[in-house]
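Only one structure is covered here, and it is reproduced in the block below.
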Amino acid sequence: MNRKEQLIAEFEALIPFVESLRKYGEGRLTSPIGEGKWSLKDMLSHFMLWDRYYIERALEPIAERKDEAVIAVSNQFEIESYNQQAIAFAEGRTASDVMDLMIETRQRVLYLLEQIPEDLYDKSYSDLDGDPFNIAEYVTDMTGHDGHHLAQMKDYILTAD
């Protein structure tokens with residue numbers, strides 16, 4: 001397995017876990033995992049909105065324009081506000097609907113990652129702040145981010161069973 005395939009496989013690993021959550025009821029999926037914490041549904045919405053952010057601002061531009069891509073990612077972005085938008089997005093939707101949307105969005109990310117040639121995975125693009133952005137680092141960082149929330153979700157499921 002080459003590096004690109006490895007990165008994509010790691011990023012894809014979230015999907016089977018999300019599918020495994022379908023056996024739990026709406027109550028389990030919408031209850032906070034702890035005091036002041038998000039629910040599983042909220043975390044899935046969080047994954048989905050961040051995937052959309054990177055699809056629109058980085059992955060599509062790179063997949064479409066390759067070397068001339070403009071990366072509209074910024075460290076000045078209000079992360080907490082965006083995270084709250086993810087929670088608001090989940091409100092009024094069933095956990096199953098959020099799972100479907102999260103999986104669909106992650107599959108779009110995976111499709112775009114497949115379309116980007118491997119030699120562009122380490123190419124350095126400038127984001128809106130002038131900071132470097134590259135696909136390999138993005139996938140590695142987001143896989144770590146996924147892992148952080150996956151550990152929380154798994155702990156919650158194990159203690160709730």
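Which residue, of E68, E26, E78, is of a type in the set (D, E) and at pLDDT 80 or above?
E26
Among what's in region 1-12 and is hydrophobic (A, V, I, L, M, F, W, C) and surrounded by 13 or more Cβ atoms within 10 Å (Cβ to Cβ), pick the residue that is nearest to D122 (Cα to Cα).
So the residue we want is L7.
Just one of the numbered conditions (1) farther than 19 Å from P32 by Cα; (2) basic (K, R); (3) surrounded by fewer than 17 Cβ atoms within 10 Å (Cβ to Cβ) is not true of R93; which one?
Checking R93 against (1) farther than 19 Å from P32 by Cα; (2) basic (K, R); (3) surrounded by fewer than 17 Cβ atoms within 10 Å (Cβ to Cβ), the one that fails is (1).
Can you go through L113, L150, L120 and tell me which one is surrounded by 14 or more Cβ atoms within 10 Å (Cβ to Cβ) and more than 23 Å from F17 (Cα to Cα)?
L120
Among the residues of region 26-37, which ones are out of contact with any helix residue (DSSP H, G or I) (no Cβ under 7 Å at 6 or more places or on another chain) and in a loop (DSSP other than H, G, I, E, B)?
S31, G34, E35, G36, K37
I need a count of the residues in region 120-136 that are without any contact (Cβ under 8 Å) to a residue 12 or more places away in the chain and under 16 Å from Y53 (Cβ atoms).
Total satisfying the criteria: 0.
The values are calculated or read from the model by the stated rules, or taken from the named source; none is laboratory data. Just so it is clear, the model here is predicted, and its values are computed rather than measured. Positions of Cβ are backbone-derived with ideal geometry, glycine not excepted, and every protein chain shown enters the neighbour counts.
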